[in-house]
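Let me begin by presenting the structure, written as structure tokens, before commenting on it.
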There are 2 protein chains.
Amino acid sequence: MPDKIEEELKDRADNFDEYLEELLAGLNIHPDLEDPVSYTLLAGGKRIRPILTTAVCRMLEGELRAARDFGAALEFIHTYSLIHDDLPCMDDDELRRGKKASHIVFGEARAVLAGDALQSLAFEILAGIEEIDYRSRCRLVELLASAAGPAGMVAGQALDLKAEDQDISLEELKEIHRAKTGALFRAAILGGAHCADSEEKQLLSLEEYARQLGLTFQIVDDILDVTGSEEELGKKVGGDEAGQKTTYITLLGLEEARKEARAAARSARKALSPFGERAEFLSELVNFVLERQH
Amino acid sequence: MPDKIEEELKDRADNFDEYLEELLAGLNIHPDLEDPVSYTLLAGGKRIRPILTTAVCRMLEGELRAARDFGAALEFIHTYSLIHDDLPCMDDDELRRGKKASHIVFGEARAVLAGDALQSLAFEILAGIEEIDYRSRCRLVELLASAAGPAGMVAGQALDLKAEDQDISLEELKEIHRAKTGALFRAAILGGAHCADSEEKQLLSLEEYARQLGLTFQIVDDILDVTGSEEELGKKVGGDEAGQKTTYITLLGLEEARKEARAAARSARKALSPFGERAEFLSELVNFVLERQH
């Protein structure tokens, strides 16, 4: 089963990558910015966020083409944040998705601009999704903007920077991750539901699923930073420890962190129970996130 | 007359600043980011873009509260671009709106994040404008996103960086400005029209007005960089010459540049003729932009 889902995810990511290229080609981008904008965006990645959006939308029998566009907008936002986070004044990383970071290839100024451009494009895409009505588009803009902005992902990055050289508690670490990773996971999952005009009750279950899946993802990320190989991850490993960063491992130790991850994964699967068998793929996804090696 | 419009503009800018503070207080911003987000945004400025939006909307008898929100979103975008442009890896400016630049006060990382956050908030505001229907909101999101993104403002900044140490032609200089300054001017003016559901024919006249007003603004900016005082401008002067940057002055000389500015101002006023007396304020604004000393 783990093999099967891994294959399935790879297929979905490949399909999504193809669509992303097609979508990008249709956008209005000045020739001077085409390379900086597409470089990190098309450098691969697991595409877990857009896969989540589409899976939720399919489960709720919603408009799949709209979900695909929302997933694309999510990847634009996620990619802009990777480009900016890698800058020397931020996390100062030179490797991203197995390739040189944007600022290494294009220089810092163009990397800043590429990120800025990706963010604008994300909202341009959402406003133009023809398959859903204007109300749903506005809902998606609001969802993604608040997830990306200073109450979500950007706040997480600010908290993360502040925490770099100081001890923080488990609660504080969870707050950082809820903002930094959790906000976009939540948007990915609720966005899929918005493309299906889902009911309030379903949204609550999906929020809980998003919360627990995000937590699982983040704990496993910390574990892999200690146990994974650079080649498998496509980014620098041991970076957390080198910077004396607080992680689930420094706070709990490896064994306890693994236990926490398993508990979060269980809660994620439990949150899906109202959807019964229709949630099979989303449930398998939890296992994948828990057991992934990269 | 020039005194009267100056006073009027000051009043409108002050009113807008008050609204901006109120609006900001209602947004969801993590406490750690409140200061970096509000610092440059509330540091004053002429607020020419939101004043344009509201003036166009009033002329066309549109929904003024929506125009005010669109103007606010414009200032969020404009401010984020100032913060990012001032970064050491970009224009490396330490002074902005008469105060220390964001990265001097908060450090580079937080300045990057403040800009990123302002951009997200701009779109969050637009999606939530309750006074207009969802279709108009989507139109505003699309208008602002395309003006801000890699076919507009961000492209202008990329071209500007490239042009820094090389000779460019008058046509190339105009292309830079059309993107860098012109795109947001155009959005400001068309956004006001969208808040009034205006006709296609009116949009064409307003586009020409925007183009010529933007050009006037930019030539005068270059002139002031040579003739103005640092105190009056609230930013470093002579910066253009120091970096051997091509400007209207280096290309045309001071006198010819002044002539070009006057010609653009005439064309801007002429574009308003279909609106007759209702365009009085927008016409006075052209004179103000032409004759301003800061």
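Rule-based calculations on the coordinates, nothing more; no lab input. Worth saying up front: this structure is predicted, and the values here are computed from it rather than measured. Every residue, glycine among them, receives a Cβ derived from its backbone with ideal geometry; neighbour counts consider all protein chains shown.
Results, tabulated for the structure shown:
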| item | result |
| --- | --- |
| Average silhouette area of the protein assembly as shown, convex hull of alpha-carbon atoms, in square nanometres | 25.3 nm² |
| Check: the range A:2-291 dipole with +1 on Lys, Arg Cβ and -1 on Asp, Glu Cβ, in debye | 700 debye |
| The range A:2-291: C-alpha pair distances exceeding 25 Å, % | 46 percent |
| Computed [θ] at 222 nm, deg cm²/dmol, chain B (DSSP H ≥ 4; -39,500 (n - 2.57); rounded to nearest 500) | -23000 deg cm²/dmol |
| Around B:Leu9: net Lys/Arg minus Asp/Glu count, Cβ-Cβ under 13 Å | -2 |
| For residues of B:24-31, the mean tally of beta carbons on other chains within 10 Å | 4 |
| Share of alpha-carbon pairs per 5 Å distance bin for the range B:107-159, given as whole % | 4, 18, 20, 21, 18, 11, 5, 2, 0 |
| Average beta carbon contacts from partner chains per residue of B:104-115, 10 Å cutoff | 5 |
| Rounded, prolate or oblate (a/c below 1.5 giving rounded, otherwise prolate when a/b exceeds b/c) for the range A:55-194 by Cα gyration tensor | oblate |
| Lys, Arg +1 and Asp, Glu -1 on Cβ, resulting dipole of the protein assembly as shown about Cα centre, debye, nearest 20 | 1020 debye |
| When the convex hull of its Cα atoms is projected in every direction, mean area for the range A:15-89 (nm²) | 5.6 nm² |
| Distance between modelled label sites at B:Glu7 and B:Leu224, nm, 7 Å Cα→Cβ extension | 2.1 nm |
| Shielding score for B:141-147, defined as the mean number of other chain Cβ atoms within 10 Å | 6 |
| B:Glu34 paired with A:Ser169, simple spin-label distance in nm, labels 7 Å along Cα-to-beta-carbon | 2.1 nm |
| Proximal lysines to A:Lys180, defined as alpha-carbon separation beneath 27 angstrom and excluding residues fewer than eight positions away on the same chain | A:Lys10, A:Lys46, A:Lys99, A:Lys100, A:Lys162, A:Lys201, A:Lys235, A:Lys236, A:Lys245, A:Lys259, A:Lys270 |
| Rounded Å value of the spacing that divides the Cα centres of the range B:1-60 and the range A:1-46 | 39 Å |
